[in-house]
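Everything below concerns the one structure shown next.
The values are calculated or read from the model by the stated rules, or taken from the named source; none is laboratory data. In this text, all values refer to a predicted model and were calculated from it rather than measured experimentally. Cβ placement follows ideal geometry from the backbone for every residue including glycine, while neighbour counts extend to all protein chains displayed.
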Amino acid sequence: MMRAVRLVFLGPPGAGKGTQAQILLERFGLRQIATGDILRANVARGTELGRKAKAYMDSGDLVPDDVIIGMMEAELTAGAESGAFVESFVLDGFPRTVRQAEALDALLARLHLPLTAVLLFDADRDALIERLTGRWTNPRTGRTYHVAFNPPNVVGIDDEDGGPLVQRPDDTRAVVVDRLSTYDTKTAPLVEYYTRLRMLKRIDGLQPIDAVTAAVLAALDGTDEAA
Ligand code: AMP
């Protein structure tokens, strides 16, 4: 994948967006911009942004659009100005509302960085719950494992950097159920939004990790006209 690709990864929590973004990062150096990771880092550092976001995240709700849009405008504008990732990036977990999508369109038009495609990852509800409640995360890198489906070599330790793995506080069953219903009401309308723009490509997130990666690469092969 030598050409520039600018992607949105859309889909419910647990569908495999972060896992695939990490793989694209490792294989192709594609920069992953994960709003959840940025927010968690701010919560950990106790910044003003983190303080604004924490209660929403803990309850499985979305952080307000104005907060997220401001944060992502700063992130993308800084990246474009420094030339750090004008070429290629994956937006993982953003946009999550129609208002965020409209703000993103306007921003990318201003920066002359059109999206290549929007990949919709999906899996059924039971699989999503099973994946999220068994998930272990490296809080430093955002890399994830699963106790049964994708375990680390040593329990509680990241294969990659040897750092500790934690269970995210919002990966408990009660919050997971709320996050899934937040997705249904607030984020699922983006499927129609991006279908209308003819940008949407569907990926079956229920397959094994390698098969999902193959589907992602196949979907990107079909986007040459947008390169
Ligand atoms: P994630 O790591 O993508 O599952 O995000 C964790 C939490 O961060 C979500 O449940 C939301 O509370 C918040 N969050 C992440 N991305 C967004 C976004 N684009 N809009 C609003 N809230 C977000």
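Considering only residues in the range 69-111 that are more than 10 Å from the ligand (Cβ to nearest atom) and of a type in the set (Asp, Glu), the one that is modelled with the lowest pLDDT turns out to be Glu87. If you scan the range 169-211, which residues turn out to be closer than 21 Å to Arg143 by Cβ and within 15 Å of the chain's Cα centre (by Cα)? Residues satisfying the conditions are Arg179, Ile203, Gly205. Does Gly162 meet the test of being farther than 24 Å from Phe89 by Cα and either more than 18 Å from the chain's Cα centre (by Cα) or not in a helix (DSSP H, G or I) (or both)? So Gly162 fits the description; yes. Within the range 37-66, the set of residues being β-branched (Val, Ile, Thr), within 20 Å of Thr182 (Cβ to Cβ) and either part of a loop (DSSP other than H, G, I, E, B) or near the ligand (Cβ under 7 Å from one of its atoms) (or both) comprises just one member, Val63. Does Arg27 qualify as being in a helix (DSSP H, G or I) and more than 13 Å from the ligand (Cβ to nearest atom)? Yes. Taking first residues from the range 42-56 that are on the phi < 0 side of the Ramachandran plot and partners that are of a type in the set (S, T, N, Q), the Cβ contacts under 8 Å between residues at least 6 apart in sequence or on separate chains come to Leu49/Asn42; Gly50/Asn42; Ala53/Asn42.
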